[in-house]
Amino acid sequence: MSQIADPVQFKEEGNKHFQAGEIDKAIECYTKAIKSCKDKKALAVIYRNRSACFLKKENYNNAVSDASKAIDVDAADIKALYRRCQALEKLGKLDMAFKDVQRCATLEPKNKTFLETLRRLGADIQQKVMILKTTFSTDSRVQNMFDILFSDESDKEKQEKAANNLIVLAREDAGAERIFQNNGVPLLVQLIDTGKPEMILAAIRTLSGMCTGHRARATAIIHTVGISKLCSIMAVDNEEIVLATANLFQCVYDSLSGGDKRNYGKEEALVLGKRRHLSRFEFRDILLALLEMIASKKVSGHGRDQALNLLTKNVPRKDKKNTDNSKGLFTIDHGLKKILKVCGQVPDLPDQLPLTENTQLIASVLLNKLYDDMRCDPERDHFRDTCDEYIKSKFDPNDMDRNIHAINTLSGILQGPFDVGNVLAGRQGVMEMMVALCGSEREVDQLVAVEALIHASTKTSKASFFISNGVTLLKDMYKKTKNEKIKIRALVGLCKLGSAGGDDYSMRQFAEGSTEKLAKQCRKWLCNPTLDVRTRKWAVEGLAYLTNDADVKDDFVEDEAALRAMFELAKSKDKTILYAVACTLVNCTNSYDKKEIIPEMVQLAKFSKQHVPEQHPKDKKDFIERRVKRLLKAGVTSALAVMVKADNSILTDQTKEMLARVFLALAEDIKDRGTIVAQGGGRALLPLALEGTDKGKIKASHALAKIAAVSNPEIAFPAERIYEVVRPLVSLLNTERDGLENFEALLGLTNLAALNDKLRVKILKEKALPEIENYMFEEHDQIRQAATECMCNLVCCKEVQDRYLEDGNDKLKLLVLLCGEDDVQLQRAAAGALAMLTAAQKKLAVKITKTGQWLEIIQRLCIHDNPEIQHRGLVTVFNMLDADEQLAKKLIECELLEILTYVAKLEDNPKKQDAINAAQNNSS
């Protein structure tokens, strides 16, 4: 009895303390009562009382907790509800407090306290909503961010957060417009003027977001900020800022040159006034500013690279059908000599322009693009004459520095428009100057001369001259010099001349074993970590030529240390090495184009005493496969994945094509494709399949198809990349493509179509369906089977079902007839498609009967030896029975009923259980 009285006694004592204002003692008594109380209703009252104590103590969280425990016992406990409401209001949770007092007012509608609290909370909530709207409105957010950025009191973390928020806001059209309308551009210019790198970067990226896809804002920004100011920002020695500014230039150019097709009406008129576009003269102002940058000593190496990149991307015509090449001609007239000046820089000499490892190659690429942009011979003659005039003006018998500048300029031209460089190399005095420089005592003279000789002997027809005149000179330099830098370049020159016969075994330029010795020395230098990257790069250049010889490439892939050293160089900042690495890998995998040898033509050539190329014994299939395995083991895929990420100005379309060829060779063996996926090969192939030469895109797409055909696409192409795979695969369905390409593309699409409806819709949007239907008629068994399997996965899509429902086509008839073929795989795919179509559309179940011999074909499916095919046939019958009463009667009256009864009575068999269950469903 005392146990029952204890909680009551504690509660009474608590009440007395509470009335006396002794809140702490009251809480202590109520807590003791809670510990000893077993009755739920009494416990709820004690919790409610303690909640009142906590309210007095302003311990609002505990007050809410105790009141909630009381309400859990009695949801209509009005005192507990009101106390919780008071605590929640103090905690700022007005919406929850409002719900509690609303409940109180419902229980006691005439209670003035409840009604007054309800009114007050309602007004407070409305006010809070208005404040939140104001606080989080875009205008307010923009202003707040600028306030934080300009405030000296704001800490660095807050400023970085505000800067990032501004960038994110600018990438949304509504946010960009609010920044623009709220005097954002002048404020961003002020932010740039602070001189703080992180503020400049944030401002430039915000301006890029505002320009993207919006002609009016882009025009206003370029006029407000100014071309000269942007160029001065891009000239700084900060790679991040330089890249961001180059991106801003590109965004402005894209928006103003037709990249934005939208009509903004009054909004555009407000921003631009009477001006609708930047005039041609203003475009030329941008070009002149960029051309001025590339020859200025005040510009950093990174800034010069990006200026050259912008010219490369935007000056040459993207479509040669466009007859307007005025931008190219203007650039040649006002900037060709400035580009040549960059090509001729010799970093080892004093008073040179600041450069990066990639600058001169980027300049050579620009020269090549400009020359290709010429439309007629007079334009090409003008280009060549300007180059000739520039080089001649630099030759000076009294100034060796000017001479090596001229020769280095020629090297740059030879790496770009080779035909122009080749003509200039043949001019009187040029070769003589190269020979004289080779004999100079200065290291820099010899380096420049040897590199020029190497670039001049690129083509076999030209190399014959150097083989007869330059081999002795290079051998002397190689043997006599003690300077490793000169020795390795002389060696590369010998390598290049030694490979002039390509992979033709009978056309070796040097004696047996000479090329292997040269290659061995190249590998030795390549693996020497004490040499600088620029010197080791030349070892790869040498191997790029020597690996035309099968003995050399076989020895090279056996040397895992050399392979790994080359891959590490490919991942370095110096991207000028990419082409040489790509060449070496193409040679090692034999992934270059080979002309088909027709035996009759070979006999005819021998009879007429013409030269017939011979295949090296180590260029046979089994040797190639072994080399591929060794490359994969050494980590070639991860190196390729890094190479693909290089800037487009360095990673030319030709280099991309070579990388695509290597990927295709690596993916040849189905067992190696998992390794390629694991090392990032799937992701790396996507850009190669979407950009580059037509041949390169096809090779990359084929490699993608090989991977997609056998791998889980969700692992090989994670996240949104999986949707990018569809277009390259569909491109391989073109009837002009090779049969193997068609087949593997269909397998890849089948895998993708099996995943989800979004992918199936993507396949349809890429207009693949007509091509897939076409291949279902193909005579080649495997291609027809692959197309049918792909269709089997696509019929889940409503759009495909609608095509089968259309009148006047034989699509369903074809599926029924394919079910009657002898090929088990083909039957299974066709029967699966038929089962799914008839399950989704009852009209198609009836439409089956319009095919001749349909009943015999369906009966054959139902008694097929293959359980999977039998199951699909029985499901189709079930769908037909369910679709139409007359059809059901017809099916029951024929032999099909006996077949169903027989199958339904079969003993349980795990292999045939699905078919037995389907038959039992039909029988019932």
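What follows draws every value from the coordinates through simple rules; no lab data is involved. All figures in this text were calculated on a predicted structure; none of them were measured in a lab. Counting neighbours? That spans all protein chains shown, and the Cβs are built from the backbone with ideal geometry, glycine included.
Relative to the dominant Cα principal axis of the chain, helix 156-170 is inclined by about 80°. The stretch between Leu349 and Gln126, if pulled fully straight at 0.36 nm per residue, gains 72.9 nm over its current Cα-Cα span.
Ordering of 339-346, 768-775 by packing is 339-346, 768-775, highest average first (other Cβ atoms within 10 Å, averaged per residue).
Given contacts defined as C-alpha pairs under 8 Å and at least six residues apart, what's the relative contact order of the chain, whole-number percent?
After rounding, I find 4 percent.
Between Asp72 and Asp39, residue separation times 0.36 nm minus the direct Cα-Cα distance comes to 10.5 nm.
Projection of the Cα convex hull of region 42-109, averaged over all directions and equal to a quarter of that hull's surface, yields 3.9 nm². For region 22-52, the residues whose amide N sits under 19 Å from a probe point set 7 Å from the Cα of Glu58 along the beta carbon direction are 22-25, 27, 51-52. Structure note, pairs Lys394/Lys573; Lys767/Lys842; Lys16/Lys90: Cα-Cα distances above 30 angstrom occur for Lys394/Lys573. Charge dipole of the chain (Cα centre as origin; +1 on each Lys and Arg Cβ, -1 on each Asp and Glu Cβ, all else neutral): 2200 debye, rounded to the nearest 20. Backbone phi angles across region 234-244, fed through the Karplus curve with coefficients 6.51, -1.76 and 1.60 (θ = phi - 60°), yield HN-Hα couplings of 6, 7, 6, 8, 9, 4, 4, 5, 4, 4, 5 Hz in residue order; Gly and Pro are listed as x.
With a Förster radius of 45 Å applied to the beta-carbon distance between Lys620 and Lys645, the computed FRET efficiency rounds to 0.85. Go through Ala26, Asn398, Thr535 and say which Cα lies farthest out towards the positive end of the charge dipole of the chain; charges sit on Cβ, +1 for Lys and Arg, -1 for Asp and Glu. Comparing the listed Cα positions along the dipole, Ala26 ranks first. To the nearest ten degrees, helix 197-211 and the longest principal axis of the Cα atoms of the chain are 80 degrees apart. The modelled label-to-label distance for the pair Asp653/Gln181, using points 7 Å beyond Cα in the direction of Cβ, is 4.4 nm. What angle do you read, to the nearest 10 degrees and between 0 and 90, between the alpha-carbon axis of helix 694-710 and the longest principal axis of the chain? Once rounded, one gets 40 degrees.
With only Lys, Arg, Asp and Glu charged, each at its Cβ (+1 for the first two, -1 for the last two), find how big the charge dipole of region 714-814 is about the Cα centre; round to the nearest 20 debye.
The dipole of region 714-814 has a size of about 360 debye.
Ranked from largest, the principal axis spans of the Cα set of the chain equal 120, 91, 65 Å.
Which residue, Val586, Ile221, Met431, has the largest displacement toward the positive end of the dipole of the chain when charges sit on each Cβ (Lys, Arg +1; Asp, Glu -1)? Sorting the options by dipole projection puts first Ile221.
In a fully extended conformation the segment linking Phe777 and Leu690 would gain 28.4 nm over its present Cα-Cα distance, using 0.36 nm per residue.
Computed from the C-beta positions of Ala436 and Asp385 and an R0 of 22 Å, the FRET efficiency is 0.30 to the nearest 0.05.
Counting neighbouring beta carbons within 10 Å and listing from fewest to most, the residues Asp554, Asp807, Asp396, Asp305 come out as Asp807, Asp396, Asp554, Asp305.
Exposure proxy for Cys819, Cys251, Cys85, Cys376: other Cβ atoms within 10 Å of each Cβ, ordered fewest to most, give Cys376, Cys251, Cys85, Cys819.
Given Cβ point charges of +1 (Lys, Arg) and -1 (Asp, Glu) and nothing else, what value in debye, to the nearest 20, does the dipole of region 300-411 about its Cα centre take?
In total the dipole reaches around 500 debye.
Computed on the Cα trace of region 2-136, the radius of gyration divided by the Kirkwood hydrodynamic radius gives Rg/Rh = 1.06. A simple spin-label model places pseudo-atoms 7 Å from Cα toward Cβ; at Asp173 and Ser572 they are separated by 4.8 nm.
Counting only residues at least eight positions apart within a chain, or on another chain, the aspartates and glutamates with an alpha carbon under 18 Å from that of Lys99 are Asp66, Asp72, Asp74, Asp77, Glu89, Glu108, Glu116, Asp124.
Of all the Cα-Cα pairs you can form in region 294-379, what percent are over 22 Å apart? Don't skip to the answer; put the middle values down first.
Values: 979 of 3655 pairs.
Summing the P(r) tail past 22 Å for region 294-379 gives 27 percent.
For an R0 of 51 angstrom, estimate the FRET efficiency from the Cβ-Cβ distance between Lys480 and Glu720 and round to the nearest 0.05. The computed FRET efficiency comes out at 0.30.
Cross-link pairs exceeding 18 Å in C-alpha to C-alpha distance, out of Lys25/Lys79; Lys695/Lys758; Lys337/Lys369; Lys553/Lys620; Lys520/Lys553; Lys575/Lys656, comprise Lys25/Lys79; Lys695/Lys758.
Helix content alone sets the calculated 222 nm mean residue ellipticity of the chain: runs of n ≥ 4 DSSP H residues at -39500 (n - 2.57) each, divided across all residues, give -22500 deg cm²/dmol. Between the residues Pro197, Ile715, Ala754, the greatest Cα displacement towards the positive end of the dipole of the chain, with unit charges on the Cβ of Lys, Arg, Asp and Glu, is found for Pro197. With the simple model of a label 7 Å out from the Cα in the direction of the Cβ, Glu239 to Lys850 spans 6.5 nm. Residue order for Glu895, Glu441, fewest other beta carbons within 10 angstrom first, comes to Glu441, Glu895.
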